[in-house]
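Visitor: Sending over a structure as structure tokens; questions will come in a sec.
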Amino acid sequence: MAAKPSAQPSNFQFLAEHDSLFLELAAAAERSFSSDPNTTLIKLRQLGEALAQHIASLCGIKSEGAPEPERSALSPQPGA
């Protein structure tokens, strides 16, 4: 699946040859860095997780289950 073309070319276009998700996440982080730094950090974290999962699958490392869903910083934590 090809990444959607954007108004500006991304510095991360080279990631598309590996996985379009990598390009999508990196480009989203790049687009939002000056206007919304928190979104940039979230997108970079998602990119890091996607890269780690990809590398693990290439190395034949199987995950022990689905990752735990993210919890909002504002939602009450169990036992708190």
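The values are calculated or read from the model by the stated rules, or taken from the named source; none is laboratory data. Nothing here was measured: the structure is a model prediction, and the numbers come from that model. Backbone-built Cβ (ideal geometry, glycine too); neighbour counts: all protein chains shown.
Conditions (1) loosely packed, with under 13 Cβ neighbours inside 10 Å; (2) under 14 Å from the mean Cα position of the chain (by Cα), marked per residue:
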position	(1), (2)
10	no, no
21	no, yes
27	no, yes
38	yes, yes
41	no, yes
46	no, yes
49	yes, yes
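Visitor: Another question, then. Can you work out which of the residues in segment 7-47 that are within 28 Å of residue 58 (Cβ to Cβ) and of a type in the set (Ser, Thr, Tyr) is modelled with the lowest pLDDT?
Guide: Ranking the qualifying residues of segment 7-47, first place goes to 10.
Visitor: Tally up the residues in segment 9-37 that are touching a residue at least 24 places away in the same chain (Cβ under 8 Å), of a type outside the set (A, V, I, L, M, F, W, C) and part of a helix (DSSP H, G or I), please.
Guide: Looking only at that region, the number is 1.
Visitor: Pairs, please: C-beta under 6 Å, at least 6 apart or cross-chain, first residue of a type outside the set (A, V, I, L, M, F, W, C) and in segment 40-61, second part of a helix (DSSP H, G or I) and surrounded by 16 or more Cβ atoms within 10 Å (Cβ to Cβ)?
Guide: From residues that are of a type outside the set (A, V, I, L, M, F, W, C), the pairs are 40/29; 40/32; 43/25; 43/28; 43/29; 46/25.
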